[in-house]
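Have a look at the structure below, then the notes.
Readers should treat all values here as calculations from the given coordinates under stated rules, not as data from a laboratory. Worth saying up front: this structure is predicted, and the values here are computed from it rather than measured. Here the Cβ positions follow ideal geometry from the backbone for every residue, glycine too, while neighbour counts run over all protein chains shown.
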Amino acid sequence: MDGLAPPRPLEAADFDAARAVADGWFGHPVGLTLHRLFFDQLGPHGVWIAREDGAPAGFLLGLVSASEPDLAYVHLHAVDPALRGQGVGATLYREFGRRAAERGCTRVRALAAPHREGSIAFHRALGFEGPLEAGYLGPGEDRIVFERALPIP
Ligand SMILES: CC(C)(COP(=O)(O)OP(=O)(O)OC[C@H]1O[C@@H](n2cnc3c(N)ncnc32)[C@H](O)[C@@H]1OP(=O)(O)O)[C@@H](O)C(=O)NCCC(=O)NCCS
């Protein structure tokens with residue numbers, strides 16, 4: 001992708017930059033969903049894409065499941081609104097899936113709230129499928145539990 005550095009694992013030092021842009025990129029406060037655990041302890045599982053000047057372009061927080069070792073799990077991902085529609089989100093997922101497959105994963109899961117139309121369209125475009133599960137994250141917190149096989153082509 002023109003003007004962007006290659007994707008790399010997250011580092012602890014990326015947390016402050018992610019925190020600074022996350023609410024604006026999502027369009028609402030994300031609070032502790034953006035937890036530094038994903039940078040300090042799980043950074044090697046995640047993905048960071050920067051502009052060539054070092055500014056963040058997109059990031060993915062995720063992990064390889066401890067209870068289901070064949071499962072990679074995307075917790076959160078976001079792309080700079082100025083860079084959307086150019087394949088940055090798909091690159092985050094492909095890189096995450098590639099590294100998770102090296103760790104033994106054969107499938108990847110991600111959740112989407114039923115009102116997040118952009119996120120639903122993104123996951124369907126990448127070949128994810130899954131059921132809407134009522135109350136998946138608690139009362140009133142329905143989620144589509146998307147999964148697809150790895151690798152992501
Ligand atoms: C969802 C998000 C990460 C997509 O990033 P992106 O870089 O624009 O996605 P890409 O350009 O890689 O798109 C990949 C595919 O998804 C489709 N897609 C992405 N966003 C879409 C949207 N809002 N509506 C319809 N399709 C969309 C693209 O058309 C593309 O499909 P194609 O391969 O058939 O052409 C970005 O919109 C975002 O950061 N949103 C806010 C945060 C968010 O909702 N995160 C997800 C929940 S944690």
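Points to keep in mind about this one:
- Applying the criterion of being within 8 Å of the ligand (Cβ to nearest atom) and touching a helix residue (DSSP H, G or I) at 6+ places or on another chain (Cβ under 7 Å) to the residues of the range 99-144, the residue that is nearest to Tyr73 (Cα to Cα) is Ala110.
- Looking only at the range 72-98, residues that are more than 9 Å from the ligand (Cβ to nearest atom) and surrounded by fewer than 19 Cβ atoms within 10 Å (Cβ to Cβ) come to 3 in all.
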